Amino acid sequence: MSSPSNKTRRTIILTALATAVHASALRSAGAEEDPPGSDLRPQKADVLVFAEGDHEGEVIKPDDLKPGGPPVRAWPKDPKTSVVRKASRLNEVVIVKLDPAELDDDTRPRSADGIVAYSAICSHAGCPITAWMKAAQGDKEVLKCMCHNSEFDPRQGAQVVFGPAPRRLAALPLVIADGSLTIAGPFIGKIGAQQGG
Amino acid sequence: MTMKQWLLPGLLASTCLFSIACSAGPIENYSPVTSDRLKNPEPGNWMLYRRTYDGQGFSPLKEINTSNVKDMRPVWTFSTGVVEGHEAPPIVNNGIMFITTPMGQVIALNAKTGDEYWRYKRQLPDDLFQLHPTNRGVGLWQDKLYLATTDDHVVALDAKTGKVLWDTKVQDYRKGQYLTLMPLVVDGKVIVGGSGGELGVRGYVVAFDADTGKELWRTFTIPGPGEPGHETWTGDDWKSGGGSAWMTGNYDPETKTIYWGVGNAAPWPGDSHPGDNLYTTSVLALDPDNGKIKTHFQYHPNDSWDWDEVDAPMLVDLQRDGRTFKSLIHPGRNAIFWVLERKPDKINYVAGWPFVHTDVWKGVEAETGKPIVDPAHKPVMGKRVEFCPSLWGGKDWPSAAYSQNTKLVYVPANENFCGGFTGEKVPLVAGQLWLGTKPEDIGLKVRPGATHFGELQAWDPATGKKVWSHNFPKSQLFGSVTVTAGDLVLVGGTNDRMFRAFHAKTGELLWEQKTNSGIMGMPIAYEVDGTEYIAVQSGWGVDAQRIQDALATQNNVGIENNVPQGGVVWVFAVKK
């Protein structure tokens, strides 16, 4: 069947899609063997670790992120038990470092030095958020789901700026503690896709 | 009246406050569905995906016709409460209408009044990843309904109450397996095909016992080691080669043969899976008793364009070249209008011609029916390749129709769209997108000088001549076609939210009605108490929306992305 379209808005690609979601698939296959706590939602004081790439599993520090993006995909990790909470794809987050002056008044308090974190699961049909592209309407880069073209502005609480998504991405408040990106509280907003009917 | 009698109505009313299945039901006097009724449906009913097993999408009703359709008006509507693409035909059995919506919802309605009897809502898992969040209808058998769900279950419901009778898991949705089609019911077997061709799956068709949900047989559309056709694959490519069977098959009761359309090969670039790749982009002839593949026809080998051919061919007794034969007719996503001959053990190529512009094919081999490819327009790894028509093809999954009156085939075609992508090696992760290119790298281009996009076409399959066409200058055409004995061709599919009726013989636009959203759903005709009704679901989304997204960002096309979403059942009749 058909697939996502539209090349004209393409600028920077966050990452190859299959690579981006590699970790989330692995946790599905071994879900029954996941350690206790790995399917809990992100907890206050959890740190964030890279979900992919050469540094997969390593704790993310603010200097690991390039200002202005591209975003990085991450899992929460319990620093006490070292359990990475990747037993549910609903725990995957995407983080991006932005100019704090660009953030709106709701978003700025949840950020850490301009770094914001959101659920990586699109609120429309549950596809992964994988792209960092120029907005369909406007010239700023936005988080994008390539399945159905929904776009979210990370500067404004990931509100929907294009496409069929019915609501913003859930936000994950951050602080910097001991030099690492640390979760300051639970998700704000509903994680995952809409339910019909 | 006893105390118990006093209390009972109040108790029931209270229960209804919390129930999702008690609006006006249960249904009384339900008409059980038998094999005979499915083989020879009453003219006023629509109990199969295309009304009849032959897949023609033809209604014998003619109370509404070319003379009076101008007086057709909405008589009731019903909001489904769901957004996204509503692709299912309303299914009607003697005054009871069953509709399905995205997210696995079934609603039973009074087909005359629109009053709700009951509603079933599938509770989908929170972590479900849906590329095509839709549903194409319920199958009927006896007093049961069958729903295929996007979390990859088949569910049997009591037609009178909506109560779940059995629920069978088919495969694991976390591995990219999901279901979007209307189940085909043949002699007590509920037959479905799997979706998920972009997610690293191996396609299949599977049958369940209608009474128990027990699996009876499963046939993979990509043959494994030792099975005929396996030699057309290289190495382990067969394990994840695509070949999804997204759509309901058609059925020939005389020969007891099901004809099922099979999807594209995966990943897309053909040089990443060398070989002809049976049975991708094919029609399979299956024995419904055991799932055995009797024969097949492959529309094009080594698919490289995402041109699945999942819309099953129509079964038509055709007069052509001085003889009458049992044909299969399929306007393909690959832009070729196919006329084939079906025999018990063989499908023969008869004719094939392009029905929209294509630069991919140089012709069709007369002996084999194999299209001759221009390699300059065949996607490969490591290089950007452009091709026409676009990835959505000349006609995607929305179905064509055949009129037993006019002997014409009506095709929802798209013209002047081209596309392209760069083939790229992508690691396979079951359950995640696996296209062989970056999704961001897929393009839709309008051909220079294009004057229109959507085309409703009328073709004479006996001569290969186009009899008429209606062009849409500012819209794609992405909706199934239905034709009636009243010589009305009914179709939505455009971005202006219109539902239209055309004269089947001339192509004249006779009637149109703007609806709440865009129409991807399949129109139907039915009858209750001597009155003919036309019904369709309006609800834009999925691929129609994706094309719209692409058009809206094309320079100099002037098409806005402003089609609202939200599902509504529309029912029309002629004012008396």
Item to check | Residue satisfying all of: in region B:150-171; in contact (Cβ under 8 Å) with a residue 40 or more places away in the chain and within 14 Å of another protein chain (Cβ to nearest Cβ); surrounded by the fewest Cβ atoms within 10 Å (Cβ to Cβ) among these | outcome: B:Asp151
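Here's the yes/no breakdown for (1) more than 22 Å from B:Ile547 (Cβ to Cβ); (2) in contact with a Pro (Cβ under 7 Å, 6 or more places away or on another chain):
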position	(1), (2)
B:Ala312	yes, no
B:Pro331	no, no
B:Gly352	yes, no
B:Thr368	yes, no
B:Val380	yes, yes
B:Asn405	yes, no
Next on the checklist: If I filter region A:146-160 for residues that are polar (S, T, N, Q), free of Cβ contacts under 8 Å to residues at least 40 places away in the same chain and buried (at least 21 other Cβ atoms within 10 Å of the Cβ), do I get at least one hit?
Outcome noted: yes
Checklist entry - Among all residue pairs at least 6 apart or on different chains, which show Cβ distances below 6 Å where the first residue, located in region B:386-400, is surrounded by fewer than 24 Cβ atoms within 10 Å (Cβ to Cβ) and the second is at pLDDT 95 or above and charged (D, E, K, R)? => result B:Cys388/B:Asp359
Item to check | Matching entry among B:Phe502, B:Phe478 (being within 25 Å of B:Met47 (Cα to Cα), of a type in the set (Phe, Trp, Tyr) and within 14 Å of chain A (Cβ to nearest Cβ)) | outcome: B:Phe478
Item to check | Qualifying position, being in contact (Cβ under 8 Å) with a residue 24 or more places away in the chain, crowded, with 17+ Cβ neighbours inside 10 Å and more than 11 Å from chain B (Cβ to nearest Cβ), among A:Ile191, A:Ile121, A:Ile183 | outcome: A:Ile183
Next on the checklist: Please return the ranges of strands (runs of 3 or more DSSP E) entirely within region B:465-548 where 3 or more residues are within 24 Å of B:Thr451 (Cβ to Cβ) and under 23 Å from the mean Cα position of the chain (by Cα).
Outcome noted: B:465-472, B:498-503
Next on the checklist: Given the options B:Gly541, B:Gly566, B:Gly558, name the one that is small (Gly, Ala, Ser), within 14 Å of chain A (Cβ to nearest Cβ) and surrounded by fewer than 18 Cβ atoms within 10 Å (Cβ to Cβ).
Outcome noted: B:Gly566
Next on the checklist: Looking at the structure I just gave you, is A:Ala87 within 24 Å of B:Leu131 (Cα to Cα), within 14 Å of chain B (Cβ to nearest Cβ), in contact (Cβ under 8 Å) with a residue 24 or more places away in the chain and surrounded by fewer than 22 Cβ atoms within 10 Å (Cβ to Cβ)?
Outcome noted: no
Item to check | Tally, over region A:140-172, of residues that are away from chain B (no Cβ under 13 Å) and either more than 18 Å from A:Cys122 (Cα to Cα) or of a type in the set (S, T, N, Q) (or both) | outcome: 3
Item to check | Enumeration of residues in region B:525-567 that are closer than 16 Å to B:Asn135 by Cβ and either aliphatic (A, V, I, L, M) or in contact with a strand residue (DSSP E or B) (Cβ under 6 Å, 6 or more places away or on another chain) (or both) | outcome: B:Val536, B:Gln537, B:Ser538, B:Val542, B:Ala544, B:Gly567
Checklist outcome for this item: Okay, strands (runs of 3 or more DSSP E) sitting entirely in region A:104-188 with 3 or more residues that are at pLDDT below 95, I get A:131-134
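The values are calculated or read from the model by the stated rules, or taken from the named source; none is laboratory data. These figures come from a predicted structure and were not determined experimentally. Ideal geometry is used to build each Cβ from the backbone, glycine not excepted, and the neighbour counts take in all protein chains shown.
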